[in-house]
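One structure is given here, and the rest of the page talks about it.
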Amino acid sequence: MRFSGLSGTHPARGILNDNARGTTIVGNVYERQQNENGHELRTIIISRFRVFFVVVALTEGLTATAAVANDAHTYRVDVDPELHRLDVHATFRTPVSDISARSRSAAQFLKDARRCDDGAPIRVRGHRLITPPGGITCLRYSVDLQGAARAERRNHGLHASNVIVSPTVWMWRPRLGGYDEIHVRFDVPEGMRVSVPWEPVSADDHTYTLRASPQSGNAVAIFGRFESSVVTVAGAALRVDVPRTREPVALAPTVEWVREAARNITLAYGRFPNPAARVIVFPMATSPWTSSSPVYFGRVIRDGGETVELLIDPRKPQEAFYTDWTATHELSHMMLPYLRREQRWLSEGFAQYYQNVLLARAGRYSQRDAWQKLYDGFERGRASAPTLSPNQATGRGERNTRMKIYWSGAALALMADVELRRRSNGAESLDDALSRFQTCCLPSQRAWSGKELVTAFDALLDEPVFEGLYRQYADTAGFPDVRPLLLRLGVTVVNGEVKLENDAELAEIRAALTARRYTDEPGK
Ligand SMILES: [Zn+2]
């Protein structure tokens, strides 16, 4: 997450884990076993669920994924040409009695909810529908889209031809367990679009699949006339949606910038971690903040899918966007699953590490720039809340601990990366561990603990690395001391200025870390 204009990075406002829904069945179970000699074996058991979908995806393509889930709930959403209302018709595969909207203000905008069999009205209590005993199999309701849009502050600078309203306000639905799906089809007036965080079944007919997700924040939906593109990089087709503001913004340079940031992520292991993520770029020609950065704010939201939101200043020169780290930081979060709040330092740290390494691989930073930024970050992390451990610092919120949260995990990432490269003579790296992790486990529908994550990483290696580092530092006060390692890498510092020594013991590893391994052509 990044917020610019106050002091660089912003506290984790909005990154809250809604685990209360108990959607933890995803696919991967890690199990430790002992063999006869007492050596620990690590086995990854991939659940039926994931194998099933992988097989379907491989043999039948995307449309088949939709076809096999014919026991899904189905929703049809009619979008009014004036954007005044949504009319929703929901059919449930079995009778359901627990229907709610996630937002507590949703009831204000709900109009006329009825059973569709006999037309009987359904009342609301709080943000839940009161259903008859035995549940209902069909529901229709309308939503005051204009009213809901007025309550969403992001609409204030928008052109009237599009509105932003989170599905948490208009999507009245049963809870989703891990196998559950809702197919949502939008009937959209000619010339209009819909942007939702869900997986597209077919972009042409506005049909999407909604599944369980960590619900780490409230992703938005956009309705109306706005700009939309698909950016293709290795391993992914990313939707880039740009809401229409009162002052028009040139779309092409913005999309090209997002494409480069997404391509930066593929420089880790040759492909983008989520094949169908969404990026929303909000142009803000006037803002309450002053910032030298062209990106005021960025965050990733895991809610019904993965969305990166970027608030930009469209007046800034295009070149400034390419050397800004925010987009690369946010997109690199997708190389890890959503981590529980206490272990957010791991997630932020990996993103801090990779934003520097990847911008160097992309040629946007020199090798020295990247190490200077890493060194400066480690120093800030070391000075931040020295009496707390990373887990404590994250658990206590962000006050005076932000740099510890942002850099402790970066120190661990560097230590793990160098160790993997050193012991394999460069044959293995953190990139490879993340690549294997993506293959087995991403995108993930649930929140992970830090311990689970490092166990999963080590299960993908011949010899463990991550659990040892986690055990050593996660609950230890202070900051992981990377200074001896930096010296071995040939990163020396005089008066705060980094100098790179090419005859250092691990200088080759240092150079390899920022060396480009992949082309940016899709499919290579
Ligand atoms: Zn972040």
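The values are calculated or read from the model by the stated rules, or taken from the named source; none is laboratory data. Model, not experiment: these values are computed from the prediction. Neighbour counts run over all protein chains shown; Cβ positions are idealised from the backbone, glycine included.
For the stretch 288-313, how many residues meet the condition of being closer than 23 Å to residue 223 by Cα and either assigned to a loop (DSSP other than H, G, I, E, B) or of a type outside the set (A, V, I, L, M) (or both)? So that I can check it myself, show each step before the final result.
Here is the first cut: in the stretch 288-313, the residues closer than 23 Å to residue 223 by Cα are 297-313.
Next cut, either assigned to a loop (DSSP other than H, G, I, E, B) or of a type outside the set (A, V, I, L, M) (or both) only: 297-299, 302-307, 309, 313.
Total satisfying the criteria: 11.
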Item to check | The one condition in (1) under 30 Å from residue 276 (Cα atoms); (2) basic (Lys, Arg); (3) more than 23 Å from the chain's Cα centre (by Cα) that residue 446 fails to fulfil | outcome: (3)
Checklist entry - under 19 Å from residue 491 (Cα atoms), in contact (Cβ under 8 Å) with a residue 40 or more places away in the chain, away from the ligand (no atom under 16 Å from the Cβ) and not hydrophobic (A, V, I, L, M, F, W, C) - does that describe any residue in the stretch 394-416? => result no
Item to check | Of all residues in the stretch 390-416 being modelled with pLDDT of 95 or more and of a type in the set (Ser, Thr, Tyr), the one that is farthest from residue 509 (Cα to Cα) | outcome: 406
Item to check | Count of residues meeting criterion [buried (at least 22 other Cβ atoms within 10 Å of the Cβ) and of a type in the set (A, V, I, L, M)] in the stretch 237-268 | outcome: 9
Item to check | Long-range neighbours under 6 Å by Cβ, at least six apart or interchain, first residue without any contact (Cβ under 8 Å) to a residue 40 or more places away in the chain and within 16 Å of the ligand (Cβ to nearest atom) within the stretch 280-302, second of a type outside the set (Lys, Arg) and part of a loop (DSSP other than H, G, I, E, B) | outcome: none
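Determine whether residue 379 is more than 24 Å from the chain's Cα centre (by Cα), over 30 Å from residue 494 (Cβ atoms) and either away from the ligand (no atom under 16 Å from the Cβ) or among the small types (Gly, Ala, Ser) (or both).
Working: more than 24 Å from the chain's Cα centre (by Cα): yes; over 30 Å from residue 494 (Cβ atoms): no; either away from the ligand (no atom under 16 Å from the Cβ) or among the small types (Gly, Ala, Ser) (or both): yes.
No.
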Item to check | Output for the stretch 128-167, where each listed residue is in contact (Cβ under 8 Å) with a residue 40 or more places away in the chain and more than 22 Å from residue 244 (Cα to Cα) | outcome: 129, 135, 136, 137, 138, 139, 140, 141, 142, 143
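Can you tell me how many residues within the stretch 239-253 are out of contact with any Asp or Glu (no Cβ under 9 Å at 6 or more places or on another chain) and more than 18 Å from residue 204 (Cβ to Cβ)?
Summing the residues that are out of contact with any Asp or Glu (no Cβ under 9 Å at 6 or more places or on another chain) and more than 18 Å from residue 204 (Cβ to Cβ) in the stretch 239-253 gives 7.
Given the structure, is residue 463 surrounded by fewer than 18 Cβ atoms within 10 Å (Cβ to Cβ), at pLDDT below 95, in a loop (DSSP other than H, G, I, E, B) and among the acidic types (Asp, Glu)? Lay out the reasoning, then the answer.
Values: surrounded by fewer than 18 Cβ atoms within 10 Å (Cβ to Cβ): yes; at pLDDT below 95: no; in a loop (DSSP other than H, G, I, E, B): yes; among the acidic types (Asp, Glu): yes.
Here the answer is no, as residue 463 does not meet what is asked.
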Checklist entry - Only one of (1) surrounded by 24 or more Cβ atoms within 10 Å (Cβ to Cβ); (2) away from the ligand (no atom under 14 Å from the Cβ); (3) of a type in the set (A, V, I, L, M) fails for residue 320. Which number is that? => result (1)
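Which of the residues that make up the stretch 114-125 are in contact (Cβ under 8 Å) with a residue 24 or more places away in the chain and either in a loop (DSSP other than H, G, I, E, B) or surrounded by fewer than 16 Cβ atoms within 10 Å (Cβ to Cβ) (or both)?
Initially, the stretch 114-125 is screened for residues in contact (Cβ under 8 Å) with a residue 24 or more places away in the chain, giving 114-116.
Once the filter is applied, which keeps residues that are in contact (Cβ under 8 Å) with a residue 24 or more places away in the chain and either in a loop (DSSP other than H, G, I, E, B) or surrounded by fewer than 16 Cβ atoms within 10 Å (Cβ to Cβ) (or both), the stretch 114-125 yields only 116.
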Checklist entry - How about the stretch 284-305: which of its residues are buried (at least 23 other Cβ atoms within 10 Å of the Cβ) and more than 20 Å from the chain's Cα centre (by Cα)? => result 294
Checklist entry - residue 308 fails exactly one of the following numbered conditions: (1) more than 12 Å from the ligand (Cβ to nearest atom); (2) within 19 Å of residue 281 (Cβ to Cβ); (3) within 22 Å of the chain's Cα centre (by Cα). What is the number of that condition? => result (1)
Checklist entry - Out of 187, 205, 180, which single residue is at pLDDT below 95 and surrounded by fewer than 19 Cβ atoms within 10 Å (Cβ to Cβ)? => result 205
Checklist entry - Of all the residues that make up the stretch 126-142, how many are part of a strand (DSSP E or B) and not small (Gly, Ala, Ser)? => result 9
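Report yes if residue 453 is in contact with a strand residue (DSSP E or B) (Cβ under 8 Å, 6 or more places away or on another chain), on the phi < 0 side of the Ramachandran plot and part of a helix (DSSP H, G or I), otherwise no.
On the way: in contact with a strand residue (DSSP E or B) (Cβ under 8 Å, 6 or more places away or on another chain): yes; on the phi < 0 side of the Ramachandran plot: yes; part of a helix (DSSP H, G or I): yes.
So residue 453 passes the test.
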Next on the checklist: Anything in the stretch 418-435 that is among the charged types (D, E, K, R) and surrounded by fewer than 17 Cβ atoms within 10 Å (Cβ to Cβ)? List them, or say none.
Outcome noted: 422, 423
Checklist entry - How many of the residues making up the stretch 371-402 are buried (at least 24 other Cβ atoms within 10 Å of the Cβ) and of a type in the set (Gly, Ala, Ser)? => result 2
